[in-house]
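So the structure is just underneath, and the comments pick up after that.
The values are calculated or read from the model by the stated rules, or taken from the named source; none is laboratory data. Computed from a predicted model, the values in this text were never measured in an experiment. Positions of Cβ are backbone-derived with ideal geometry, glycine not excepted, and every protein chain shown enters the neighbour counts.
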Amino acid sequence: MDLDAVRTFVVAVEVGRFQDVAAELSISQQAVSKRIATLEGNLGVRLFTRTTRGTQLTIDGQAFLVHARELLRAEERAIASVRPGRRALRVDVVGRKLAPAALLGDFHREHPEFELDVVTLLDADAAIDAVRSGTIDAAVRAVTAPGGQPPDVGVVRVLDEPVQLLVGVDHEFAGARTVAPAQLAGHRIWLPGLVPGTEWAAYYDDLAAAFGLTIEINSPDFGTEPLLETIAGSRSLVTFIGEQTRLGWPADHGLRRIALRDPMPVHPYSLIWYRDNPHPALAALCDFLGSRRAGLSDGEAWTPVWAQR
């Protein structure tokens, strides 16, 4: 439906005479008449009766007026949804309980004027494709080939999150303050749900190769709660967890978070965005993450070769 014609109809109802409509819309009186005639032709009804004193709505015109006004309101909402600064900034994160989601929460608290739409895609490759296609505005991910991205995509490291060991109260490491990654050789490390081909599968493959570890990923993934319950009741199984990962468990589980040191494995997160994206919240997000960046010394941290700057 021609919304210019609908707008002309609504203005004609409000001001009464076509010559006044022409002045209001800065068009000719002939254009007003043509728009109304075209709208009536499309609808198959008369909307006005013409008199010497102007125009008067027909019964059909009265019925159409309510919907005409709603059409114009819908047009305004549609325009506002993509108007710079009005549309929500759409950002992909690897998981809603992991460090990138917490960072976005901090950003939103500091910048409540920007609306956020947080999504989770399969992996970094899918996130980069979505950034380039405009499906999302940005992503916070580990990038396996940061130097090989298309030139229209920006990639900058924004967070190194230490990896911790999670064990049950009866495990031999339960009382340790720190554990070196090499000490985990020969122990059962369980990461159900780790999807082969993703950036995190690449990360843990390299971690296992670097320190002689065996990581089990082939068990069925029944979710976080069964994982925690299994680790809590096991004397042999351990798993990895990010330092900023937000998980809760019953007190009787007795789970222990233990720091990994000498060296400290870290999850390398980067912000990925399309360089020509004009969304004002994106610039604010870049500045915010840059101000929060906390690095580690080269001798203190371990990352895969592909994540080293």
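General observations
- The one condition in (1) small (Gly, Ala, Ser); (2) in contact (Cβ under 8 Å) with a residue 40 or more places away in the chain; (3) more than 18 Å from ALA283 (Cα to Cα); (4) surrounded by fewer than 18 Cβ atoms within 10 Å (Cβ to Cβ) that ALA127 fails to fulfil: (4)
- Residue match in the range 80-89 (condition: surrounded by 13 or more Cβ atoms within 10 Å (Cβ to Cβ) and modelled with pLDDT of 90 or more): yes
- The sole residue among ASP252, ASP276 that is part of a helix (DSSP H, G or I) and charged (D, E, K, R) is ASP252.
- Test: residue in the range 156-167 that is closer than 22 Å to LEU247 by Cβ and out of contact with any strand residue (DSSP E or B) (no Cβ under 7 Å at 6 or more places or on another chain): no
- Filter result for LEU247 (touching a Phe, Trp or Tyr at 6+ places or on another chain (Cβ under 6 Å) and either over 24 Å from GLU300 (Cβ atoms) or modelled with pLDDT under 95 (or both)): no
- Residue, nearest to TRP273 (Cα to Cα), within the range 90-123, restricted to residues that are at pLDDT 90 or above and of a type in the set (Gly, Ala, Ser): ALA101
A quick yes/no check of all residues on (1) outside any helix (DSSP H, G or I); (2) of a type outside the set (Ser, Thr, Tyr); (3) assigned by TED's automatic domain parsing to the domain that holds LEU166; (4) at pLDDT 90 or above:
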| position | (1), (2), (3), (4) |
| --- | --- |
| SER219 | yes, no, yes, no |
| VAL238 | yes, yes, yes, yes |
| HIS267 | yes, yes, yes, yes |
| ALA281 | no, yes, yes, yes |
| ASP298 | yes, yes, yes, no |
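- Of all residues making up the range 131-148, the number that are free of Cβ contacts under 8 Å to residues at least 60 places away in the same chain, in a loop (DSSP other than H, G, I, E, B) and polar (S, T, N, Q): 1
- If you filter the range 116-165 down to residues that are under 11 Å from the mean Cα position of the chain (by Cα) and among the acidic types (Asp, Glu), you find that the one that is nearest to LEU191 (Cα to Cα) is ASP117.
- Residue-level check: of (1) β-branched (Val, Ile, Thr); (2) over 22 Å from LEU207 (Cβ atoms); (3) part of a strand (DSSP E or B); (4) out of contact with any Asp or Glu (no Cβ under 9 Å at 6 or more places or on another chain), VAL118 misses just (4).
- Within the range 244-267, the set of residues being out of contact with any Lys or Arg (no Cβ under 8 Å at 6 or more places or on another chain) and over 16 Å from VAL169 (Cβ atoms) comprises GLN244, GLY248, LEU260, ARG261, ASP262, PRO263, MET264, PRO265, VAL266, HIS267.
- Residue in the range 86-101 that is in contact with a helix residue (DSSP H, G or I) (Cβ under 7 Å, 6 or more places away or on another chain) and part of a helix (DSSP H, G or I) present: no
- The set of residues in the range 1-35 that are under 18 Å from GLU70 (Cα atoms), part of a helix (DSSP H, G or I) and of a type outside the set (Asp, Glu) comprises LEU3, ALA5, VAL6, ARG7, THR8, PHE9, VAL10, VAL11, ALA12, VAL13.
- Those residues of the range 186-196 which are surrounded by fewer than 13 Cβ atoms within 10 Å (Cβ to Cβ) and of a type outside the set (Val, Ile, Thr), in sequence order: GLY186, PRO196
- Positions within the range 1-60 being among the acidic types (Asp, Glu) and within 22 Å of GLU76 (Cβ to Cβ), in sequence order: ASP2, ASP4, GLU14, GLU24
- For the range 215-251, residues that are within 19 Å of VAL179 (Cβ to Cβ) and exposed (fewer than 14 other Cβ atoms within 10 Å of the Cβ) total 3.
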